[in-house]
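Reading through the structure tokens given below for one structure.
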Amino acid sequence: MIGSLFIVAAPSGAGKTSLVNALVAKHQNIKLSVSHTTRKARDGEVDGQDYFFVSQEKFAQMRDDGSFLESATVFDNSYGTSSDAVMSQLTQGNDVILEIDWQGAEQVRKNHADCTSIFILPPSKAALVERLRGRGQDDEETIARRMRDAENEMSHYVDFDYLIINDDFELALVELEAIITAKGKSLAVQKQAQANLLMELLA
């Protein structure tokens, strides 16, 4: 059985990564796609686990070779999702989550119209600024830039299938889990997975 493809997008600081990591930790058959990026690794990040850290030249070569399902430039750094890696997981029956931005989501939809997209919003702009400052990774100028980009990013929520407001983390996690696990019980998926049982019941 082929797995399902999911897109999860959000402005920087909305808690997307924490939610996705918590979900993946609970379900063995849900895999997070590891992106390639040209940005430098942050403290504690592991190559091949958090990202595949590559040079700008290597990234450009992969993009030109058509190796990416989607790619985008964010904050002067490039990010891309390997087509082969995603298809490998899907054909093993695993569900795959792409943690990407709205630009990447548009690219993926062109080739995978059956993907399910989820957008995560913060409860307020004030909460978003507070979370960005709380990470302790950026100076005030960078935070201001991230907020400007976040306003543009958030305007694209209308292009997604589902919307989650991450005010209460545990509630947002339950909502994310419900969307993804329900997809596996859809008629199309179950007809394929339970073909033998359905044949027997309706014989």
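When both residues are 6+ apart or on different chains and their Cβ atoms are under 6 Å apart, which pairs have a first residue that lies in the stretch 109-120 and is within 17 Å of TYR157 (Cα to Cα), and a second that is loosely packed, with under 15 Cβ neighbours inside 10 Å and of a type in the set (S, T, N, Q)?
Partner pairs satisfying both residue conditions: none exist.
Is one or more of the residues making up the stretch 155-170 of a type in the set (Gly, Ala, Ser), assigned to a helix (DSSP H, G or I) and buried (at least 18 other Cβ atoms within 10 Å of the Cβ)?
For the stretch 155-170, residues of a type in the set (Gly, Ala, Ser), assigned to a helix (DSSP H, G or I) and buried (at least 18 other Cβ atoms within 10 Å of the Cβ): absent.
Over 30 Å from GLN192 (Cα atoms), of a type in the set (D, E, K, R) and in a helix (DSSP H, G or I): does that describe ASP149?
On the way: over 30 Å from GLN192 (Cα atoms): yes; of a type in the set (D, E, K, R): yes; in a helix (DSSP H, G or I): yes.
So ASP149 fits the description; yes.
Out of all the residues in the stretch 175-190, is one or more out of contact with any Phe, Trp or Tyr (no Cβ under 8 Å at 6 or more places or on another chain), within 24 Å of ALA72 (Cβ to Cβ), outside any helix (DSSP H, G or I) and at pLDDT 90 or above?
Scanning the stretch 175-190 turns up no residue that is out of contact with any Phe, Trp or Tyr (no Cβ under 8 Å at 6 or more places or on another chain), within 24 Å of ALA72 (Cβ to Cβ), outside any helix (DSSP H, G or I) and at pLDDT 90 or above.
Go through the stretch 120-140 and give me each residue that's within 21 Å of ALA172 (Cα to Cα) and not in a helix (DSSP H, G or I). Steps first, please.
Taking the stretch 120-140 as the starting set, the residues that turn out to be within 21 Å of ALA172 (Cα to Cα) are 120-132, 134-135.
Passing the criteria: ILE120, LEU121, PRO122, PRO123, SER124.
Check whether at least one residue in the stretch 38-59 is surrounded by 12 or more Cβ atoms within 10 Å (Cβ to Cβ), among the acidic types (Asp, Glu) and at pLDDT below 90, and report yes or no.
yes
Looking at the stretch 60-91, which of the residues that are in a strand (DSSP E or B) and either loosely packed, with under 12 Cβ neighbours inside 10 Å or β-branched (Val, Ile, Thr) (or both) is modelled with the highest pLDDT? Don't jump to the end; show me each part of the working.
Here is the first cut: in the stretch 60-91, the residues in a strand (DSSP E or B) are 68-74, 77-82.
Checking the rest, the ones that are also either loosely packed, with under 12 Cβ neighbours inside 10 Å or β-branched (Val, Ile, Thr) (or both) come to 73-74, 81.
Details: THR73: 83, VAL74: 75, THR81: 95.
Of everything passing the filter in the stretch 60-91, THR81 is modelled with the highest pLDDT.
Which of the residues spanning the stretch 142-199 are charged (D, E, K, R) and over 16 Å from PRO122 (Cα atoms)? First the steps, then the outcome.
Of the stretch 142-199, the ones charged (D, E, K, R) are 145-146, 148-149, 151, 153, 159, 161, 167-168, 170, 175, 177, 183, 185, 191.
If the condition is that a residue be charged (D, E, K, R) and over 16 Å from PRO122 (Cα atoms), then ARG145, ASP159, ASP161, GLU177, LYS183, LYS185, LYS191 are the ones that fit.
Before we move on, is SER117 among the polar types (S, T, N, Q) and outside any helix (DSSP H, G or I)? Steps first, please.
Numbers: among the polar types (S, T, N, Q): yes; outside any helix (DSSP H, G or I): yes.
Spelling it out, SER117 is indeed among the polar types (S, T, N, Q) and outside any helix (DSSP H, G or I).
Here are the criteria: (1) part of a helix (DSSP H, G or I); (2) at pLDDT 90 or above. Tell me which single one ILE143 does not satisfy.
Evaluating ILE143 over (1) part of a helix (DSSP H, G or I); (2) at pLDDT 90 or above leaves (2) as the failure.
Scan the stretch 32-57 and report the pairs whose first residue is in contact (Cβ under 8 Å) with a residue 24 or more places away in the chain and whose second residue is among the aromatic types (Phe, Trp, Tyr) and surrounded by 15 or more Cβ atoms within 10 Å (Cβ to Cβ), with Cβ atoms within less than 6 Å and a gap of 6+ or a chain change.
As it stands, the answer is SER35/TYR51; SER35/TYR79; HIS36/PHE52; THR37/TYR51; THR37/TYR79; THR38/PHE59, since those pairs meet every condition given.
(1) out of contact with any Phe, Trp or Tyr (no Cβ under 8 Å at 6 or more places or on another chain); (2) polar (S, T, N, Q); (3) free of Cβ contacts under 8 Å to residues at least 12 places away in the same chain: which one isn't true of THR73, the others all being true?
Exception for THR73: condition (1).
Quick one: MET62 ticks every box in (1) of a type in the set (A, V, I, L, M); (2) farther than 23 Å from ASP149 by Cβ; (3) without any contact (Cβ under 8 Å) to a residue 24 or more places away in the chain except a single one, so which number is it?
It fails just one condition, (3).
Among the residues of the stretch 6-56, write down those that are closer than 17 Å to ILE100 by Cβ, among the aliphatic types (A, V, I, L, M), assigned to a loop (DSSP other than H, G, I, E, B) and touching a Phe, Trp or Tyr at 6+ places or on another chain (Cβ under 7 Å).
Of everything in the stretch 6-56, those that are closer than 17 Å to ILE100 by Cβ, among the aliphatic types (A, V, I, L, M), assigned to a loop (DSSP other than H, G, I, E, B) and touching a Phe, Trp or Tyr at 6+ places or on another chain (Cβ under 7 Å) turn out to be ALA10, VAL34.
The values are calculated or read from the model by the stated rules, or taken from the named source; none is laboratory data. Small disclaimer: the values here were computed from a predicted structure and weren't measured. Quick reminder, even Gly has a Cβ in these numbers, built from the backbone with ideal geometry, and neighbours come from all protein chains shown.
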